[in-house]
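See structure below.
Only the coordinates and a few stated rules stand behind these numbers; no lab work does. Please read all numbers here as calculations on a predicted model, not as lab measurements. Here the Cβ positions follow ideal geometry from the backbone for every residue, glycine too, while neighbour counts run over all protein chains shown.
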Amino acid sequence: MAVFGPRSRMLSARRRPFTLPVVSANWLKNAGAVLTLIYFFGLTVIQNGVLHASDYTSQEFSELINRDNSAFMLSGVATICYLIGVAAIPIYAFLLVQGVLHTSNIKKYVLSLLIFAVISEVPYDLAVSGKAFNWEDQNVLFTALVALVMLWLLKIFEGKGAGPKLLCFLTVAGGCFWAMVLGCKFGGGFVLITAILFLLREKKGWSILAALIVSLIYATALFGFAPVALYSGERKYLEKKSAKYFYYVFYPVMLAAFAVIVMVIQ
C-alpha cells in the first residue's frame, strides 16, 4: 500500500497544469468600472481640478509643467491614469457587442443608453471642462450610443453578397463619422473597434487581433483585450436588473462626485 505524505501531496500539487482564469461578463463590467474610475480621476480631479488644465491653452500648459516640478509630477500621474484607464475601451466595446447579441429588446437597450448619456452630460462637462455645457466634447455614453445604433443596423444588414457587405461598410463608416463630428469621447476609434469585434465575432482570434491593431491609437488600450480573450461566456449576474442598472448609474454618479471635488478644489 502506498502512503502519501505531505511531501508527496506538495509534489502532486506542483505538477498540476496551469489553467487560465475564467472571465465572466460580470467580471468584465467590474474591471471596466474600475478602469473608468482611474481614467476620470486623472482627467478631472488631477488635470482639471488640481492643475486647472482647462484654464490654459495647450502651449501654456506645456510651459507650466516644464517650469513647475509639482505640476510636472501631477501631470505624470494624470498620464499614468490615462494609460491604465484606456484599457477599458476594448472591454466596453466587447460588452456592447455581447449586449446586442443577447438582448431581447434592442430598442429598450438603445433608449436606456440614451437616457443615461443625457443624464451624464452635465456632470461630465462640469468635471472635465468646468462648464455646465460644453458642446465640443460629449461623454463616452454618447460614443457607446453611436456604436450601439451602428451594431443594430449591422445586425439588420449583415448577410452574404456584395449588397449587404456594402451596407455594412457604409454603416461602419457612418458610425465613425458621427462619433467624430459630434465630438464623442474616444471618437471613431471606439466605434471601429466595436464594429470589428461584431463583424468578425465568428473568428475570435482574428477579431481581437484586428481590433487590437486599431486600439494602438489609444496607446495602452491593447491590454484590455487580455480579459476579453479569456471571456467564458458567463452572463448570469447580468440578468438581474439591479446588477444591470448599477453600471448605468455608476457612470453619472462618479462624474457628479468628481465634478463636486473639482469645484471644491478650484
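In the structure shown, do any of LYS131/LYS204; LYS131/LYS165; LYS107/LYS204 have a Cα-Cα gap over 32 Å, and if so which? If you can, show how the numbers build up before the last one.
Numbers: LYS131/LYS204 42 Å; LYS131/LYS165 43 Å; LYS107/LYS204 27 Å.
Table pairs above 32 Å Cα-Cα are LYS131/LYS204; LYS131/LYS165.
State to the nearest 20 debye the size of the charge dipole of region 124-266 about its Cα centre, where the only charges are +1 on K and R beta carbons and -1 on D and E beta carbons. Mind dumping the intermediate values first?
Details: 13 positive and 7 negative charges, 108 e Å.
Computed charge dipole of region 124-266: roughly 520 debye.
Among SER207, SER120, SER58, which one moves the most in a GNM of the chain with springs linking Cα atoms closer than 10 Å?
SER58
Fewest first, what order do MET150, MET73 take by the number of other Cβ atoms within 10 Å?
Going from sparsest to densest Cβ surroundings: MET73, MET150.
Under the rule of at least 5 residues apart or a separate chain, name every residue whose amide H is placed under 5 Å from the amide H of CYS184.
It is GLN138, by chain and number.
Which value, in debye to the nearest 20, describes the size of the charge dipole of region 23-265 about its Cα centre when Lys and Arg Cβ atoms bear +1, Asp and Glu Cβ atoms bear -1, and nothing else is charged? Mind showing how you got there, number by number?
On the way: 17 positive and 12 negative charges, 254 e Å.
With only Lys, Arg, Asp and Glu charged at Cβ, the dipole is about 1220 debye.
Looking at the square roots a ≥ b ≥ c of the eigenvalues of the Cα gyration tensor of region 23-265, which shape do they give, rounded for a/c under 1.5, prolate if a/b is larger than b/c, or oblate?
Values: a/c = 1.78, a/b = 1.66, b/c = 1.07.
It is prolate, given that a/c is not under 1.5 and a/b is the larger ratio.
Taking Cα pairs under 8 Å and at least six residues apart, what relative contact order does region 107-213 come out at, in percent? Please list the in-between numbers first.
Working: 119 pairs, mean separation 24.7, N = 107.
Relative contact order for region 107-213 comes out at 23 percent.
Please name which of PRO123, GLN266, ILE65 has its Cα lying farthest along the dipole of the chain towards the positive end, using unit charges on Cβ (Lys, Arg +1; Asp, Glu -1) and the Cα centre as origin.
Positive-end residue among those listed: PRO123.
In whole percent, what relative contact order does the chain give with Cα contacts below 8 Å and a gap of six or more residues?
It rounds to 29 percent for the chain.
Please give the FRET efficiency for MET73 paired with VAL34, using the beta carbon to beta carbon distance and R0 = 22 Å, rounded to the nearest 0.05. Could the numbers behind the result be given before it?
Working: r = 24 Å, r/R0 = 1.07.
In this case the efficiency is close to 0.40.
Using the membrane-span-like helix rule (whole DSSP H runs, Cα extent along the own axis of at least 18 Å, mean Kyte-Doolittle hydropathy at least -1.0), which helices of the chain qualify? The partial results should precede the final answer.
Numbers: long enough: 25-40 (22 Å, 0.88); 69-85 (24 Å, 1.39); 88-102 (21 Å, 1.68); 106-129 (33 Å, 1.27); 140-157 (25 Å, 2.53); 162-181 (28 Å, 1.47); 187-199 (19 Å, 2.32); 241-265 (36 Å, 1.51).
Once both thresholds are applied, what remains is 25-40, 69-85, 88-102, 106-129, 140-157, 162-181, 187-199, 241-265.
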